[in-house]
Amino acid sequence: MNPDPVAQIFAEEWPRLVAVLVRDLGDLALAEDAAQDAFVEAARRWGPGSTPDRPGAWLLTTARRKALDGLRRQRRFDERLPRLAAQLSPEPAVDHVDEADPRQLGDAQLALVFGCCHPSLAPDAQVALTLRHVCGLSTAQIARAFLVPEATMAKRLVRAKHKITAARVPFSVPEPEHRRDRLDAVLGVIYLVFTEGHTASDSARLIRGDLCDEARWLASLMTALLPTNPRSGSALLAFTDARRATRADDHGDLVLLEDQDRSRWDRAAIDLGHRQLERASIEQRTGPTNPGCDRRRSCLGPGLE
């Protein structure tokens, strides 16, 4: 058992927990505060051998109760109490559905992505909020990715959340007629999340596979949301990520493309990329070049220069 079970569970559960809480509460700042309070409670109660069998469900229940307590202390949020109180009803299926149903979880996280990528926010704020709340990166990690001090990034995140509140940005998947208008912003953020995983700004390691997986999963959700418009970038990410196991040696140092063992490339990811590319070609809707590229780099995508 990990001597600090909360740290490991935090990395696994934070993005899912925040997404479900935003769905329930409709308020990003309140959801983040409730999630933090739940993890503080977990750190106080849990220890080696005392972790709940379903930590995600425990955290969700605790976070909801923390949020309810906070709302009761702030009368200006009284109109939200009935909806949150209903979430705390004793019906046994509530926590199980939120934690175990991939479709509901996917819907909640996709709604969070669209909220973080709302056009009222500047592009750098969209990326920073997505890295923080959808992918669970710390403020320090995001600051390194943007090459700014941690205090500067903390202020940017606070300003972005204030703007979300002031603009009453909805955390929901747009109606079908508005989805394509928001697609480029969302895809740009997904590509940048993948890029951060592909070549992490944290100097401790070259690759963050969890972020690569997160970006590819978000891209697959976009494909499912817009099945007749295959511009999710899933093919590009699959082809690029197929080389993940061969990009670093045993010491974590970069292995150049010509020196990689191609027999170890992920054939399933390559096949998936081909299927998605063929589908996009049939639809004659292949996506644009990587929105995150600049003139100094190839726009073929991360790692394909």
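Ignoring ligands, DNA and RNA, please state the percent of accessible area on region 1-68 from carbon and sulfur, probe 1.4 Å. Mind showing how you got there, number by number?
Values: 1480 of 2950 Å².
Ligands and nucleic acids excluded, carbon and sulfur reach 50 percent.
Which of the peptides 45-53, 234-242 is most tightly packed, and how do the rest follow, judged by the mean count of other Cβ atoms within 10 Å per residue?
The densest-packed peptide leads the list: 234-242, 45-53.
Give the ranking of Thr246, Thr152 by solvent-accessible surface, highest area first, calculated with a 1.4 Å probe.
On the way: Thr246 5, Thr152 50 Å².
If we order Thr246, Thr152 from most to least accessible, we get Thr152, Thr246.
State whether region 106-157 is rounded, prolate or oblate according to the following rule on the C-alpha gyration tensor (a ≥ b ≥ c being the square roots of its eigenvalues): a/c under 1.5 gives rounded; otherwise a/b larger than b/c gives prolate, and the remaining case gives oblate. Write out the running numbers ahead of the final one.
On the way: a/c = 2.91, a/b = 1.64, b/c = 1.78.
Here region 106-157 falls in the oblate category.
Are there trypsin sites (Lys or Arg not before Pro) in region 147-191 that DSSP marks as loop and that have at most 12 other Cβ atoms within 10 Å, and which are they?
Numbers: sites: Lys155, Arg156, Arg159, Lys161, Lys163, Arg168, Arg179, Arg180, Arg182; in loops: Arg168.
For trypsin sites (Lys or Arg not before Pro) across region 147-191 that sit outside H, G, I, E and B with at most 12 neighbouring Cβ atoms in 10 Å, the list reads Arg168.
Using a 1.4 Å probe on the protein heavy atoms only, what accessible surface does Cys212 show? Give it in Å² to the nearest 10.
0 Å²
Which cross-chain or sequence-distant (5 or more) residues have an amide H under 5 Å from the amide H of Ala248, H modelled 1.01 Å from N in plane?
Val255
Quick one: which of 187-193, 254-260, 57-63 comes out on top by average Cβ neighbours within 10 Å, and what's the full order, highest first?
Highest-to-lowest ranking by the protection proxy: 187-193, 57-63, 254-260.
The values are calculated or read from the model by the stated rules, or taken from the named source; none is laboratory data. The model shown is predicted, which means the values in this text are computed figures rather than measured ones. When we count neighbours, we look across all protein chains shown, and the Cβ atoms used for this are built from the backbone with ideal geometry, even at glycine. Calculation scope for accessible area: heavy atoms of the full protein, side chains included, ligands and nucleic acids excluded. Shrake-Rupley method; radii C 1.70, N 1.55, O 1.52, S 1.80 Å.
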